[in-house]
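Engineer: The structure's right below; bear with me while I get my questions together.
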Amino acid sequence: MAECPVCGTEVPLGAGTVRGELIECGDCGSELEVLTTDPMTLGEAPEAEEDWGE
């Protein structure tokens with residue numbers, strides 16, 4: 001379990017969760033990124049940016 005940084009709700013995470021994985025908060029719907037796995041820490045996922053083929 002880890003805490004959603006947006007709404008504070010506990011977010012269940014599986015045993016195979018890895019750093020960089022994207023998770024959605026079931027309560028507020030925010031897209032979150034796993035920042036660390038020991039201890040399990042979540043942060044808001046960065047917005048996807050267009051690279052326009054660069």
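Engineer: Just to verify a result, which residue in region 16-54, among those that are of a type in the set (A, V, I, L, M) and loosely packed, with under 12 Cβ neighbours inside 10 Å, is nearest to the chain's Cα centre (by Cα)? Even if it seems obvious, please write down each step before you answer.
Structural biologist: If we filter region 16-54 for residues that are of a type in the set (A, V, I, L, M), which is where we start, we get 18, 22-23, 32, 34-35, 40, 42, 45, 48.
Filter again for loosely packed, with under 12 Cβ neighbours inside 10 Å, leaving 18, 22, 48.
Working: V18: 10, L22: 5, A48: 14 Å.
This residue is L22.
Engineer: Condition first: in a strand (DSSP E or B), within 11 Å of the chain's Cα centre (by Cα) and free of Cβ contacts under 8 Å to residues at least 40 places away in the same chain. Now tell me which residues in region 1-15 satisfy that.
Structural biologist: Of all residues in region 1-15, those in a strand (DSSP E or B) come to 2-3, 10-11.
Retained after the next criterion (residues that are within 11 Å of the chain's Cα centre (by Cα)): 2-3, 11.
Listed by number, the residues that qualify are E3, V11.
Engineer: May I ask you to list the residues in region 1-15 that are of a type in the set (A, V, I, L, M) and loosely packed, with under 13 Cβ neighbours inside 10 Å? Spell out the reasoning first.
Structural biologist: To start, the set of residues in region 1-15 that are of a type in the set (A, V, I, L, M) comprises 1-2, 6, 11, 13, 15.
Across region 1-15, the qualifying residues are M1, A15.
Engineer: Tell me which residues, restricted to region 3-21, are under 11 Å from L42 (Cβ atoms) and either at pLDDT below 95 or of a type in the set (S, T, N, Q) (or both).
Structural biologist: Correct list: T9, L13, T17.
The values are calculated or read from the model by the stated rules, or taken from the named source; none is laboratory data. This is a predicted model, so every value here is computed, not measured. Glycine also receives a Cβ, built like all others from the backbone with ideal geometry; neighbour counts cover every protein chain displayed.
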